[in-house]
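We did not get these values from a lab; they are worked out from the coordinates using the rules stated. Every value quoted in this text rests on a predicted model; they were computed, and no experiment measured them. Using ideal geometry, Cβ is built from the backbone for each residue, glycine included, and neighbour counts are taken over all protein chains shown.
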Amino acid sequence: MSTPTNCQQWQHLAETIITEGRIRTEAFIEGEYRTAVSGERFDCISPIDGRILCRVASCDVADANIAVSSARAAFNSGVWSELPPVKRKQIMLRFADLLEANSDELALLETLDMGKPIRYSCTVDVKGAASALRWSGEAIDKIYDEIAPTAHNEIGMITREPVGVVAAIVPWNFPILMACWKLGPALATGNSVVLKPSEKSPLTAIRMAQIAIKAGIPSGVLNVLPGLGDKVGKALALHMDVDTLVFTGSTKVAKQLMIYAGESNMKRIWLEAGGKSPNIVFNDAPDLQKAAEAAAAAIAFNQGEVCTAGSRLLVEAEVKDELLRLIIKEMEFWQPGHPLDPATTCGAVVDKQQLDTVLSYIRAGVAEGAELVIGGDQIMAESGGMYIEPTIFSNVNNKMVIAKEEIFGPVLSVITFDGMDEAISIANDSIYGLAAGVWTANLSKAHKMAKALRSGMVWINHYDGGDMTAPFGGYKQSGNGRDKSLHAFDKYTEIKATWIALD
Ligand code: NAD
């Protein structure tokens with residue numbers, strides 16, 4: 001079937017896969033779908049209209065034990081871990097191709113499951129996921145190990161080996177994309193993986209496991225365990241035979257995972273966590289219209305459910321009114337609509353709990369005395385779905401709750417500053433350090449800002465740029481380690497030094 005081109009066609013496809021029971025809902029262990037050992041299931045509810053899409057296997061410690069044993073056996077057998085890199089590359093490329101070949105179905109599952117607009121599920125999420133697998137696959141047969149600069153009667157070899165069994169715990173905001181940012185380097189370097197998707201968005205990960213097998217990833221190398229964080233997630237984090245835990249999610253859970261690692265086998269632990277990123281516009285910004293477009297997208301794209309959302313807009317006093325006027329105009333483009341309509345740019349937030357959280361932050365902003373400029377309300381409630389207006393607060397100061405805490409919704413806090421020193425001081429006054437934007441025509445100022453900002457990514461005269469070649473991750477309580485780029489491979493490999501004495 002050709003790709004649907006309008007809302008009715010997407011809805012028709014959705015009805016077909018839902019009513020015909022074609023959505024896979026089980027765990028995937030050792031190359032096959034299985035119900036949870038307990039037989040438990042949880043409701044998978046669509047935020048588009050509140051309907052129950054299906055009931056998904058709710059895994060726990062028993063399933064985690066089986067999946068980790070399966071991953072360990074596959075790893076030890078060498079069927080994947082000892083495959084020549086060039087062969088792993090070929091399979092990774094096929095895996096990427098098959099994701100793209102199944103793009104309509106995967107994009108539809110993503111949108112139904114977590115409410116993002118179908119246009120982005122196709123063009124950002126599935127495409128980006130395939131690109132992550134492809135990039136890591138392409139890289140793996142081009143990376144060399146090292147020889148140390150020793151004396152002539154010695155050889156020091158520095159080699160990288162896969163860590164073994166990797167548990168990957170991922171969030172719901174970019175379900176397939178975050179999974180593939182982990183799977184790409186984890187699989188390319190020869191590890192076996194147990195992937196735990198969020199209970200709020202498990203469907204694409206479950207389906208993807210079957211596609212991996214079709215691509216040639218051997219049984220047991222990729223297992224998927226849907227279930228609750230404090231059950232199966234906790235079981236993986238405490239497991240004595242998981243070598244490395246990679247995580248993307250909230251700072252709160254990230255801290256808990258560090259405790260679990262310490263309480264169990266001191267597994268290596270890599271955390272990509274939350275953010276409250278400053279987007280800083282100086283009086284000398286080269287193009288205020290471009291800055292306004294970027295500022296609106298930085299808070300409304302993906303319903304504001306983006307770790308790098310530019311949720312604190314720092315603007316120099318002289319251009320504040322003009323910039324705000326332009327952003328308010330831009331927000332017309334970001335008004336929520338039906339996520340299956342290809343024209344929609346802003347969909348539903350992931351669930352009722354998240355909707356309530358965002359609304360409670362908006363109430364807190366009003367109570368603290370910030371000026372509510374636009375938005376602030378739930379809309380389209382009659383659909384049964386979770387929609388919220390893009391919201392802007394002005395006259396915010398950096399001590400307010402809406403400036404300090406990650407809201408993870410389309411709520412922008414506008415803060416004014418005077419001069420570079422104050423901009424740096426406000427921007428860095430956060431427990432987070434994920435990303436920052438800087439808008440200035442002054443090259444020297446741009447470089448000074450980039451150096452002074454305590455964040456893993458700095459964007460000059462745009463926002464949210466990057467591709468697979470650049471590392472992604474944060475300073476401070478935004479986490480450690482990096483996804484994407486060759487730096488991500490560090491998380492999935494151990495370094496071995498072999499010292500040889502020659503006669
Ligand atoms: P979350 O921390 O609530 O959940 C993330 C994952 O952890 C889910 O799979 C969940 O089931 C699991 N989990 C929850 N409790 C657990 C426990 N006790 N033990 C083990 N696993 C547990 O985060 P979320 O709400 O799914 O995602 C939103 C967060 O993710 C935001 O803070 C956002 O900034 C962050 N995020 C960060 C990045 C990044 O690269 N830095 C990217 C995307 C999202």
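Observations on the model:
- Shape category assigned to the chain from the gyration tensor of Cα positions, a/c cut at 1.5: oblate
- For Arg363 and Asn76, the FRET efficiency from 1/(1 + (r/R0)^6), where r spans their Cβ atoms and R0 equals 60 Å, is about 0.65.
- Highest-first arrangement of 61-72, 194-205, where packing means the average Cβ count within 10 Å: 194-205, 61-72
- Cut-off under 5 Å, modelled amide H: who pairs with Ile280 long-range: Leu314, Gly437, Val438, Trp439
- 18 Å Cα-Cα threshold exceeded, pairs from Lys87/Lys496; Lys116/Lys352; Lys252/Lys451; Lys234/Lys276; Lys89/Lys214; Lys231/Lys252: Lys87/Lys496; Lys252/Lys451; Lys234/Lys276
- Length released on extending from Lys252 to Ile328, taking residue separation times 0.36 nm less the Cα-Cα span: 24.1 nm
- Other-chain or far-sequence residues with amide H under 5 Å of Arg41's (modelled H): Ser58
- Rough spin-label spacing in nm, given labels placed 7 Å along Cα→Cβ, for Met157 and Asn442: 5.6
- Sites Ala101 and Ala497 - FRET efficiency at Förster radius 41 Å, r taken between beta-carbons, to 0.05: 0.45
- Here each label is just a point 7 Å from Cα along the line to Cβ, and for Ala470 and Thr3 those points are 2.5 nm apart.
- Partner aspartates and glutamates whose Cα lies under 13 Å from the Cα of Lys476, excluding those fewer than 8 positions away in the same chain, are identified as Glu272, Asp429.
- Modelled this way, with points 7 Å down the Cα-to-C-beta line, the labels at Asp145 and Leu486 are 1.7 nm from one another.
- Computed on the chain, with alpha-carbon pairs under 8 angstrom and 6+ residues apart, the relative contact order is 18 percent.
- Prolate/oblate/rounded call for region 11-94, Cα gyration tensor, a/c under 1.5 rounded: oblate
- Within region 278-467, the ratio Rg/Rh, alpha carbon atoms throughout and Rh by Kirkwood, equals 0.96.
- Farthest positive-ward along the chain dipole, Cα basis, beta-carbon charges - from Thr493, Gly365, Leu133: Thr493
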